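Visitor: Sharing a structure below in structure tokens format, with a few things to ask.
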Amino acid sequence: MSRDLDQRIFVAGHRGMVGSAIVRRLQALGYRDLVTRTRDELDLTDQAAVRAFFAEQQIDQVYLASAKVGGIHANNQYPAEFIYENLMIEANVIHAAHQSGVQRLLFLGSSCIYPKLAEQPMKEDALLTGTLEPTNEPYAIAKIAGIKLCESYNRQYARDYRSVMPTNLYGPNDNFHPENSHVIPALLRRFHEAALNGDEEVVIWGSGTPRREFLHVDDMAAASVHVMELDTQTYQANTQPMLSHINVGTGVDCSIRELAETLAKVTEFGGRLSFDASKPDGAPRKLMDVSRLEAMGWKAGIGLEEGLRSAYRWFLEHRETVRA
């Protein structure tokens, strides 16, 4: 492991769920020189602004956690924004980092890079072996491009740019919008409001049978820093030049029904759960193979119920200002 606490580290996307967790993790480890910028201070889709920022700031390392993200509804509604903004952010940051001499960078992607019908659990070598899920294909294409950008600068310029692909994340600073959020924050908010209103029933989209994997964002941050701190020899020994990304997850999944039952327990909702099977289920299963990451010495430590209770406490403490 390589840890220089005086490294000047830029965390792009520090206000988002993942970026803020990475900042907390770095601070807890004692890193002293963290650089952050809000979107108003630095628009990462603006190539000239990003180039000027890197030229001025003398950055040593980059965590590229900035991205336009959203659930199925948002991806379906705004495909142009999802592909354009994510391509621009990663292209601008990775190229400017290279131009300014940044040797180490960590790019954060998504499990949606894998084919819709990928064999379960999904291994890293499933990338580019089949058709993507249509609903989030533009976002997935952008994330695949980010991986290949990192690999290309590594191959041509001997940079050390790494990529991690998280499973479904949840936790502090999540997006709790009723339509544009992912399944855990959307359901957590609905169960909270149902319990508050004394509702007798909560209706959940789909049959409840699909299985999904969920990772607390604090675990994701810990894994990200772990991967970033690995010495080059260890990282390269466990990856390949053109297959360098690393899955990050728990290696354990649950059904949507089981998730809903746990959320009802956490929020103390005492009514009925019903499932609207006329609504789409999506893929029957999405589970990450995390053996590559475990071989590098890291394993998730936050169980699902523990993590959901933590996320719910954060929601209750911030519900007046939470994104909704």
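Just so it is clear, none of the values below were taken in a lab; they were calculated from the coordinates. Since this is a predicted model, take the numbers as computed values, not measurements. FYI the Cβ positions are ideal-geometry reconstructions off the backbone, even for glycines, and counts take in every protein chain you see.
Visitor: When Cys112, Cys254 are ordered from fewest to most other Cβ atoms inside 10 Å of their Cβ, what list results?
Guide: Lowest count first: Cys254, Cys112.
Visitor: Under a 10 Å cutoff between Cα atoms, tell me which one of Ala21, Ala49, Ala221 has the largest fluctuation in the Gaussian network model of the chain.
Guide: Answer for the Gaussian network model of the chain: Ala49.
Visitor: Sticking with this one: Do any GluC sites (Glu not before Pro) in segment 88-186 lie in a DSSP loop with no more than 10 other beta carbon atoms within 10 Å, and if so, which?
Guide: In loop regions of segment 88-186 (DSSP not H, G, I, E or B), there are no sparsely surrounded GluC sites (Glu not before Pro).
Visitor: Starting from a Cα-only point model with no solvent, please compute log10 I(q)/I(0) by Debye for the chain at q = 0.07, 0.10, 0.14 1/Å.
Guide: The computed values of log10 I(q)/I(0) come out as -0.27, -0.56, -1.11.
Visitor: Excluding same-chain pairs closer than 8 in sequence, count the lysine pairs in the chain whose Cα atoms lie under 26 Å apart.
Guide: Total qualifying Lys-Lys pairs in the chain comes to 22.
Visitor: Still on this structure: How much mean residue ellipticity at 222 nm does the chain get from its helices, if each DSSP H run of length 4 or more adds -39500 (n - 2.57) and you divide by all residues, to the nearest 500 deg cm²/dmol?
Guide: The per-residue figure over the chain is -13500 deg cm²/dmol.
Visitor: Dipole of segment 171-252 (Lys/Arg Cβ +1, Asp/Glu Cβ -1, origin at the Cα centre): which of Gly171, Gly208, Thr234 lies farthest to the positive side?
Guide: The listed residue farthest towards the positive side: Thr234.
Visitor: Further question on the same structure: For the chain, what proportion of DSSP beta bridges, expressed in % and rounded to the nearest 5, is antiparallel?
Guide: 10
Visitor: Just want the answer: with Cβ charges of +1 for Lys and Arg and -1 for Asp and Glu, which residue in Leu259, Leu308, Ile246 is farthest toward the dipole's positive end in segment 196-324?
Guide: Ile246
Visitor: Restricting to DSSP loop positions (anything but H, G, I, E, B) with no more than 12 other Cβ atoms inside 10 Å of their own Cβ, which GluC sites (Glu not before Pro) remain in segment 251-324?
Guide: Filter output for segment 251-324: Glu268, Glu320.
Visitor: Using the scaling law 2.2 N^0.38 Å as the reference, what is the normalised Cα Rg of segment 241-300?
Guide: Its radius of gyration relative to the 2.2 N^0.38 Å reference: 1.59.
Visitor: Can you pull out the chymotrypsin sites (Phe, Trp or Tyr not before Pro) in segment 2-62 that DSSP calls coil and that have at most 14 other Cβ atoms within 10 Å?
Guide: The qualifying sites: there are none.
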